[in-house]
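The values are calculated or read from the model by the stated rules, or taken from the named source; none is laboratory data. None of these values were measured; they are calculated from a predicted model. Backbone-built Cβ (ideal geometry, glycine too); neighbour counts: all protein chains shown.
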Amino acid sequence: MRAAALPCALLALAAVSAQAAEVLIRDATVHTMTSAGVLEHTDILVRDGRIAELGTHLAAPAGAQVIEAAGRAVTPGLFGGLGRLGIEEIGEEPTVDDYALKLGAMRPEFDVTLAFNSESAVIGVARLGGVTFAQLAPGSDAKGSSIVSGQGALVRTDGSVAANRALFVDLGGDANALSGGSRAAQYMLIEQALTEVREPKMILMNDQRLLTPAGRQTLAGYAAGKGRIVFNASRTADIRQVIRLAQKEKLAVAIRGGAEAWRVAPELAAARIPVILDPLDDLPESFDTVGATLENAARLERAGVTIAFSFDDPEPHNIRKLRQAAGIAVANGLPHEAALAALTRNPAEIFGVADKNGSLARGRPADLVLWSGDPLEVTSLPDAVFVQGVPQQMRSRQTELRDRYLPKLKAHNAR
């Protein structure tokens, strides 16, 4: 299969080198992630960065690069989850660990996006795995952090940054060290911070402020629904507290983690609160995750909850493997197209970029991947990747090291 795919990969690379304005992908199985569903034997014409045509037997414009898909799958570019893509290289090197604020105060205005490195070596590795966009998520540190860890932008693996931001809040037993030792204090602090924003006159009466002026301004935007607040919560009781808070304060929220979210699936569906979960969570690591199960995604989807996938581990090195974890969810009852949606359309909708990512339709930016086989199979790999219409070189720091040292290793072993 890989040998047959090689000419396609070479054509995609030629498209990059020539900076072709038009590319025709011919005879593909297109997973549109729209109401059009899966389109077999379909051609995609990419022009000026967008999908100009989507149909059968399209004529190749003069000078266009043609990629013969031979029935292989084309999907929207995949979501890399919530994490540290471009803001962490390796955990053992602290000079590039820029994800946590340790000022000892609640600072929602902290935006980790300012530390994003578009030249990070990890980005190319993720792109070769079919990942075209991810959500930056600042993290908390028990030494001097706050339960409100800050903001992050949605970024793409061409190095571009979207205007959208999300705010991240840590809840549950793991965050107790950030809130004086009790999760009850977490909800107290969040509601006090929202009161500072909604009732500023109260600040003049009592100067025990939680937020800076910039922090109040930032949180005011989220309190007005102008951005998603992502609550890291796994226990059923904590998820119910988030639902209560969202309804009381009219917040646009999402649950991150949600190991026990299936237990409150009808409530989440009724409140239209999405869940961003790790498909591999199946064993309790603490009393917050006693109800963890590999069927979490399937049960939530059946209940009508919008789901997206992200590994619990926020380090960026393995986000290309998230699609394989989605395959585990399929093996445990989640429909195949629902799993693809959790890696494409759903996260794009959750983070407000559905007009640029997550689905394939005429007029949309060409953010797509041509696969050697089923994208949820371990043995399948991308043969071509387009990020916002630009064909990407199928190389990374890892492939460069392989090409540099593998011939030397073979020569050494042949002696």
Checklist outcome for this item: ARG395 vs (1) within 18 Å of ILE319 (Cα to Cα); (2) part of a helix (DSSP H, G or I); (3) charged (D, E, K, R): all pass except (2)
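Being aliphatic (A, V, I, L, M) and in a helix (DSSP H, G or I) is the filter here, so list the residues in segment 113-141 that pass it. Reasoning before the result, please.
Residues of segment 113-141 that are aliphatic (A, V, I, L, M), as a first pass: 114-115, 121-123, 125-126, 128, 131, 134, 136-137.
Of everything in segment 113-141, those that are aliphatic (A, V, I, L, M) and in a helix (DSSP H, G or I) turn out to be LEU114, ALA115, ALA121, VAL122, ILE123, VAL125, ALA126, LEU128.
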Item to check | Checking ASN318 against (1) without any contact (Cβ under 8 Å) to a residue 40 or more places away in the chain; (2) in a loop (DSSP other than H, G, I, E, B), the condition it does not meet | outcome: (2)
Checklist outcome for this item: Across (1) in contact with a Gly (Cβ under 7 Å, 6 or more places away or on another chain); (2) not assigned by TED's automatic domain parsing to the domain that holds GLU40; (3) not in a helix (DSSP H, G or I), SER380 clears everything bar (2)
Checklist entry - Taking the stated definitions as given, is LEU167 in a strand (DSSP E or B) and either over 15 Å from the mean Cα position of the chain (by Cα) or modelled with pLDDT of 95 or more (or both)? => result yes
Item to check | Selected residue [buried (at least 21 other Cβ atoms within 10 Å of the Cβ) and either over 30 Å from PHE287 (Cα atoms) or touching a Pro at 6+ places or on another chain (Cβ under 7 Å) (or both)] from VAL197, VAL230 | outcome: VAL197
Item to check | Within segment 29-106, strands (runs of 3 or more DSSP E) holding 3 or more residues that are over 22 Å from GLY129 (Cβ atoms) and basic (Lys, Arg) | outcome: none
Checklist entry - Out of THR32, THR42, THR56, which single residue is of a type in the set (S, T, N, Q), farther than 25 Å from PHE79 by Cβ and either touching a helix residue (DSSP H, G or I) at 6+ places or on another chain (Cβ under 9 Å) or modelled with pLDDT of 95 or more (or both)? => result THR56
Checklist entry - Name the pairs whose Cβ atoms lie under 7 Å apart, with the first residue in segment 178-203 and of a type in the set (Val, Ile, Thr), the second not in a helix (DSSP H, G or I), and 6 or more positions between them or separate chains? => result ILE190/VAL169; ILE203/ARG209
Checklist entry - In the set ARG228, ARG240, ARG216, ARG183, which member is farther than 23 Å from GLY83 by Cβ, touching a Gly at 6+ places or on another chain (Cβ under 9 Å) and among the charged types (D, E, K, R)? => result ARG183
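Could you please let me know if ARG397 is of a type in the set (Lys, Arg) and within 19 Å of ALA134 (Cβ to Cβ)? Before you say what the answer is, go through the steps one by one.
Details: of a type in the set (Lys, Arg): yes; within 19 Å of ALA134 (Cβ to Cβ): yes.
So ARG397 fits the description; yes.
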Checklist outcome for this item: Taking segment 55-95 and the residues there that are farther than 30 Å from ASN232 by Cβ and free of Cβ contacts under 8 Å to residues at least 12 places away in the same chain, the one that is surrounded by the most Cβ atoms within 10 Å (Cβ to Cβ) would be ALA59
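Mind listing just one residue for me: the one in segment 236-292 that is hydrophobic (A, V, I, L, M, F, W, C) and touching a residue at least 60 places away in the same chain (Cβ under 8 Å) and, of those, surrounded by the fewest Cβ atoms within 10 Å (Cβ to Cβ)? Show your work before the answer.
In the first step, residues of segment 236-292 are kept if they are hydrophobic (A, V, I, L, M, F, W, C); the result is 237, 239, 242-243, 245-246, 251-255, 259, 261-262, 264-265, 268-271, 273, 275-277, 280, 283, 287, 290, 292.
With touching a residue at least 60 places away in the same chain (Cβ under 8 Å) added as a condition, the list becomes 242, 254, 276, 287.
Values: VAL242: 26, ALA254: 23, ILE276: 27, PHE287: 10.
Applying the filter and picking the extreme gives PHE287.
State whether the residues of segment 137-144 include one that is buried (at least 19 other Cβ atoms within 10 Å of the Cβ) and either touching a residue at least 60 places away in the same chain (Cβ under 8 Å) or not assigned by TED's automatic domain parsing to the domain that holds ALA214 (or both).
yes
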